[in-house]
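One structure below.
What follows draws every value from the coordinates through simple rules; no lab data is involved. The model shown is predicted, which means the values in this text are computed figures rather than measured ones. Note that we place each Cβ from the backbone using ideal geometry, even for glycine, and neighbour counts take in every protein chain shown.
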């Protein structure tokens, strides 16, 4: 299963993806449904759910602002994860 981490800007997405790749974690930038961003552009990264804890640890130590974390359900819907 996969999860997505939302960010405020495309720049934050690029920084986060680069940071995670340097840490050995695969992270794919993607556009998300605007409903997830509550009205603005939704930008994020997709990664395996098993990478989430390590990814959040690394991102929390950086200056990248996270705006949300979601599980991607098998039917394609998103479920918010409290982090």
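Here is how the numbers come out for the structure above:
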{"item": "Sequence of 41, 3 once ranked by neighbouring C-beta atoms within 10 Å, starting from the fewest", "result": "41, 3"}
{"item": "Global size of the chain as Cα Rg and Dmax, reported in angstrom", "result": "11.5, 33"}
